[in-house]
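Q: Can you read through this structure? Questions will come right after.
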Amino acid sequence: MVPDSVCVHLRPLPYEAALAQRAAEQIDLVVIHCTELPDLATAREYGEKVHYGVNGTGNSGHFYIDRDGRVEQWVDPMRQAHHVRGFNERSIGIELVNLGRYPNWLHTAHQHMQEPYPEAQIDSLLTLLGKLDAELPGLRWLAGHEDLDQERVPASNDPEQTVCRKQDPGPQFPWARIAATSRLGRLGPANDRPG
């Protein structure tokens, strides 16, 4: 059963204040990711790394949900996190702790994401989606990272072959359950995107 409320633990990234601000009305999309890392602590290390020297910020989602359902907020939703190319200005990024293709993300023999998403994690996601829907007046859409970034890149073990750069949240993610519970519509492939 999905809980009525979720406890969100605030753990702002060191560079949060340097991220661009935005109005709630600008946000119409939630992007679901998986960390493709072994645990929340490793995801935090990646999130704290500075990739953009101009403003001293890095790549991260707004919210992280651990396997046990614990929810952490690393970036205020009214700030623009770097989590998906081309959609950061209008979206909230939610990262689910999951191995994905870790540690050989781009190896041709390691392209199957096999870790299931635990019930507690999905319950917390559904509750968080409901909370965001109630708080953000323009929220209309839901997408997987894989829906928005479909670039293929050279494989790490054979540059003559290509693999998908992003596949998260992947085939184990329960899209049907999310669709049955959330009023948000799912954005599809690149040619089927409003906005």
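The values are calculated or read from the model by the stated rules, or taken from the named source; none is laboratory data. Note that the structure is a prediction, hence the values are computed from the model and not measured. Heads up, the Cβs are rebuilt from the backbone with ideal geometry, glycines too, and the neighbour counts pull from every protein chain shown. These accessible areas exclude ligands, DNA and RNA; they are computed on the full protein's heavy atoms, side chains included. Shrake-Rupley method; radii C 1.70, N 1.55, O 1.52, S 1.80 Å.
Q: If I filter region 109-122 for residues that are modelled with pLDDT of 95 or more, in contact with a Gly (Cβ under 6 Å, 6 or more places away or on another chain) and open to solvent by 20 Å² or more (accessible area, probe 1.4 Å), do I get at least one hit?
A: Looking for residues that are modelled with pLDDT of 95 or more, in contact with a Gly (Cβ under 6 Å, 6 or more places away or on another chain) and open to solvent by 20 Å² or more (accessible area, probe 1.4 Å), one finds at least one in region 109-122, hence yes.
Q: Across region 39-55, which residue is nearest to the chain's Cα centre (by Cα) among those that are loosely packed, with under 13 Cβ neighbours inside 10 Å and among the small types (Gly, Ala, Ser)?
A: Result: ALA41.
Q: Every residue in region 173-190 that is of a type in the set (S, T, N, Q) and in contact (Cβ under 8 Å) with a residue 60 or more places away in the chain, please.
A: THR181, the sole residue that qualifies.
Q: Output the number of residues of region 25-35 satisfying the condition of being in contact with a Pro (Cβ under 9 Å, 6 or more places away or on another chain) and open to solvent by less than 20 Å² (accessible area, probe 1.4 Å).
A: The qualifying residues number 4.
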